[in-house]
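Derivation of every value follows stated rules applied to the coordinates shown; laboratory data play no part. Given the structure is predicted, the values throughout are model-derived calculations rather than measurements. Reconstructed Cβ throughout: ideal geometry from the backbone, glycine too, with neighbour counts over all protein chains shown.
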Amino acid sequence: MTGEYQHSIDAKGRVFVPSRLRDELGGVFYVTVSMEACLSVYSAESWASFTEKCNAMPYVRQRKMRPLFSMAARCEVDSQGRVLLPQNLRTFAGLDKDVAFVGCNNHAEIWDLERWNKVNAEEMTPENIAAVMEELDF
């Protein structure tokens, strides 16, 4: 998934999902917490693959995945292209009004727009891009 899209959360906690991401995510997808102060969004197919990997882990390691599953929400796009983001997920990521959807290869992320702008400014340097390209042997 690629691109950056900005939208607003309405008073009921709904947000418009960009059509390009909807095409890749499908009408039903999963949203959960991330390692950073944002939300991770997975297509149903990616989520199924993720759960299969977890199922293959020893039970002790599966328990470490508890936050990802306990906070996960199955989201369905409504007729207007919106999804309801549960309050607990909005609170975790500090999502109040303006958000950025960010494509991240096999998933998307939803960031508070102000926080995303800060993170993006820190990461969008020639030195960081060169380091990433080097790591990928480009």
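Remarks
- Inter-label distance for F69 and A56, nm, one decimal - labels placed 7 Å from Cα along Cα-to-Cβ: 1.7 nm
- All Cα-Cα distances of segment 1-61, cut into 5 Å bins from zero to the largest, leave 4, 14, 19, 25, 19, 8, 6, 5, 0 percent in each bin in turn.
- Sparse packing (at most 15 other Cβ atoms within 10 Å of the Cβ) combined with a DSSP loop state is found for the following trypsin sites (Lys or Arg not before Pro) in segment 12-107: K12, K64, K97.
- Sum of -39500 (n - 2.57) over DSSP H runs of 4+, divided by residues of the chain (222 nm, nearest 500): -11000 deg cm²/dmol
- Within the chain, the ratio Rg/Rh, alpha carbon atoms throughout and Rh by Kirkwood, equals 0.99.
- Springs join every pair of Cα atoms under 10 Å in this Gaussian network model of the chain, and among D96, D78, D23 the largest mean-square fluctuation is at D23.
- Its relative contact order, with pairs defined as Cα atoms under 8 Å and 6+ residues apart, puts segment 4-112 at 41 percent.
- Candidate lysines for bridging to K97, where Cα separation is under 18 Å - those fewer than 8 sequence places away on the same chain excluded: K12, K118
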